[in-house]
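The values are calculated or read from the model by the stated rules, or taken from the named source; none is laboratory data. Given the structure is predicted, the values throughout are model-derived calculations rather than measurements. Cβ coordinates were reconstructed from backbone atoms using ideal geometry, including for glycine residues, and neighbour counts include every protein chain displayed.
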Amino acid sequence: MRLAFIVERLLQLIPVLIGVSLVVFLMTLLTPGDPVEIMLGDQRATKEQAESLRRDMGLDLPPAERYARFVANALTGEFGRSFFHRRPVADVVAERLPATIELTIVAMAIALAVAIPLGVVAAVRRGSLVDKAATVVSLVGVSMPAFWLGIVLILIFAVQLGWMPVSGRIDYAYELPRITGMYLVDSLLHARLDAFANALHHILLPAATLGLAMAALLMRVTRASMIEVLEQDYIVFAEAKGLGRARVLLRHALKNALIPTVTVAALETGYLLGGNTIVETVFGWPGLARVIVEAIYARDFPVVQAGVLVIAVIYVGVNLAADILYSWLNPRVRQ
Amino acid sequence: MTDGAAAAVSAGRSDSLTRINLRRFARDRISFVAALAVVLFVVVALAAPWLAPHDPYDTDLLRRLQPPGWMEGGDWSYVLGCDTLGRDILSRIIYGARISMSIGVVVVLLACVAGTLLGLAAGYFGGAVDVIISRLVDVLLAFPYLIFAIGLMGMMGPGLQNIVLALVYKEWTISCRVVRGETLAAREHDYVRAARAVGASSRHIMWREILPNILSPVIVVATTRMATIIILEASLSFLGLGLQPPLASWGSMVADGRAHLLEAWWVSTFPGVAIFGLVLAVNVAAQGLRDAFDPRLVR
């Protein structure tokens, strides 16, 4: 039954993925004027060069054929050549993607680590000073624009106090041969704790910047669902049975209260993926989101297209995982 | 003060649901203050030409990176200091309020109108109409918001009209989902069945019966979304993909100051405070509105 559920969800993805590829393709048609001229910009290109670029990008074909080619190429991971980076777009994406994934995961971890304990305490002590403070912090958290928060954190922790590096992923001396491209993972695989510490030191500030609004949101969700669970009969019964408060909270209540938290966290991953564009820019983090923004400045349209498509597909995948996880945690939804 | 406002609201004596809700909202002191702060921002934006001490576009290289009035080398007639081109930061923030708020209002309005129409159609007619609209919503939801907007801005190029379009293209899905769900529920209610039984047209039922009854969740969602849209516009402008200079957008003002963080922190800081203040006020007021209008919270 569970397998059937997963298969059904996978099948439902097909129209969504087709739609996503269509939207990304249609974006290119929005460019006012001739994309080739815009891409060549001030470079003095001959007519022949412009024509060969047009042929390379398939811009001489009718839109329907261009879309078919785009999908066929995307399925094989072939996105053409980047003009700015002067190499295949797929290579650029593969090189930069791990940095974005690593930053997103650490930001999510920070958000959960902050949100769950705060949410639980706020729920258990509803109306207390802690609860009120948590509410204020969460409102501040969702209202703070990430780019400004990042700048303020750099000013305080990197410039004034000197505790944190201003930018980058790792110090030059610790750079290791690439395995996954995620430095925290690679350093452990190389058994280099010093490099791990250095990478962790670099990722903390950007990840905290990215994760704050998420932490604020998840704290509210955890608080609300914990309050609801605490009013359930089985909790009242467990307490009446004489079980210790801590045991009831952690073993009985928290497990159920976390279902909405985990679900919302997965569903809102898109917020982190989008926020990466800002945080990677502010902290000079060489990830995929930053590449998309730079590609726009450089009018490197194939990179923009590939980057947006890859991030959307990742987000769809995370949502699918959330769906499956939710049905696993909460068997009531699986009829 | 809040009691006075509550009394003013209830002066009409007619106890419609909206009145009761508004009275509940006015009694929530913090939300009321936040709502006043939002009104203050609106007034500042509207009265910008009279309030701004200087011309926001007037460059003066002699005042380049001049510190705020209270610091050494500052000048009180340029209270918050000057930016890289010697323009008065306070005046630019005041003018920036116009851009931030008008984009927020226009995007949310357009998105609400489109989303409400499509959501009503999807929920009321069901069938193929619902499938098409819901699939479109699913596809758009598959894109992280900022990535979608950045991709569009990258293709369309910067500019006021393009920002509004880039945000509306995705934003309508939010009100559409709310309205679709509410319409589905309303369709089963007796008042809709009664209207259908007496032979009312679909158009009449949608416009006259369902829409007035589902409007308040739409309004509540719209206020919350306003805060998100303001941050998104500021983010796009920060990345240099939004409004073009010399227009004063809070996001691009923060970006301008980034290169001079060490010697002139005020260039980035004050516009950031303005965004934060406005968004916080909108969020707190919206939360108060939601609490007041959500009947599930009435104990």
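Here are a few things to note about the model shown:
Let's see how each residue does on (1) more than 13 Å from every other protein chain (Cβ to nearest Cβ); (2) within 20 Å of the chain's Cα centre (by Cα); (3) over 30 Å from B:LEU280 (Cα atoms):
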position	(1), (2), (3)
A:ALA134	yes, no, no
A:GLY168	yes, yes, yes
A:GLU175	yes, no, yes
A:ALA199	yes, yes, yes
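- Within the range A:27-47, being modelled with pLDDT of 75 or more, within 22 Å of A:PHE70 (Cα to Cα) and exposed (fewer than 13 other Cβ atoms within 10 Å of the Cβ) holds for one residue alone: A:LEU29.
- Per this entry, B:ALA285 is not counted among residues that are free of Cβ contacts under 8 Å to residues at least 60 places away in the same chain, of a type in the set (Gly, Ala, Ser), crowded, with 20+ Cβ neighbours inside 10 Å and more than 7 Å from chain A (Cβ to nearest Cβ).
- Some residue of the range A:46-66 being free of Cβ contacts under 8 Å to residues at least 12 places away in the same chain and touching a Ser or Thr at 6+ places or on another chain (Cβ under 8 Å): no
- The sole residue among A:ALA107, A:ALA50, A:ALA111 that is within 14 Å of chain B (Cβ to nearest Cβ) and surrounded by 13 or more Cβ atoms within 10 Å (Cβ to Cβ) is A:ALA107.
- Selection count, the range B:241-267, where residues are at the interface with another protein chain (Cβ under 7 Å from one of its Cβ atoms) and modelled with pLDDT under 90: 5
- Selection status of A:THR269, closer than 28 Å to A:ARG223 by Cα, away from chain B (no Cβ under 13 Å), among the polar types (S, T, N, Q) and touching a helix residue (DSSP H, G or I) at 6+ places or on another chain (Cβ under 6 Å): no
- Residues in the range A:139-157 that are more than 10 Å from chain B (Cβ to nearest Cβ) and farther than 14 Å from A:LEU210 by Cα: A:ILE156, A:PHE157.
- Summed over the range A:185-211, the residues that are surrounded by fewer than 19 Cβ atoms within 10 Å (Cβ to Cβ) and in a helix (DSSP H, G or I) give a count of 9.
- Members of the range A:247-296 found to be part of a helix (DSSP H, G or I) and charged (D, E, K, R), listed by number: A:ARG247, A:ARG251, A:LYS255, A:GLU280, A:ARG290, A:GLU294
- Residues of the range A:68-102 that turn out to be polar (S, T, N, Q) and in a helix (DSSP H, G or I), as a count: 2
- Taking helices (runs of 4 or more DSSP H) as the structural unit, those lying wholly within the range B:132-198 and holding at least 2 residues that are polar (S, T, N, Q) and in contact (Cβ under 8 Å) with a residue 24 or more places away in the chain correspond to B:160-187.
- Subset of the range A:231-247 (residues that are small (Gly, Ala, Ser) and surrounded by 12 or more Cβ atoms within 10 Å (Cβ to Cβ)): A:ALA238
- Of the residues in the range B:118-133, none is surrounded by 21 or more Cβ atoms within 10 Å (Cβ to Cβ), within 12 Å of chain A (Cβ to nearest Cβ) and either at pLDDT 90 or above or farther than 20 Å from B:ARG203 by Cα (or both).
- When residues in the range A:276-329 are screened for being at the interface with chain B (Cβ under 9 Å from one of its Cβ atoms) and among the aromatic types (Phe, Trp, Tyr), 3 of them pass.
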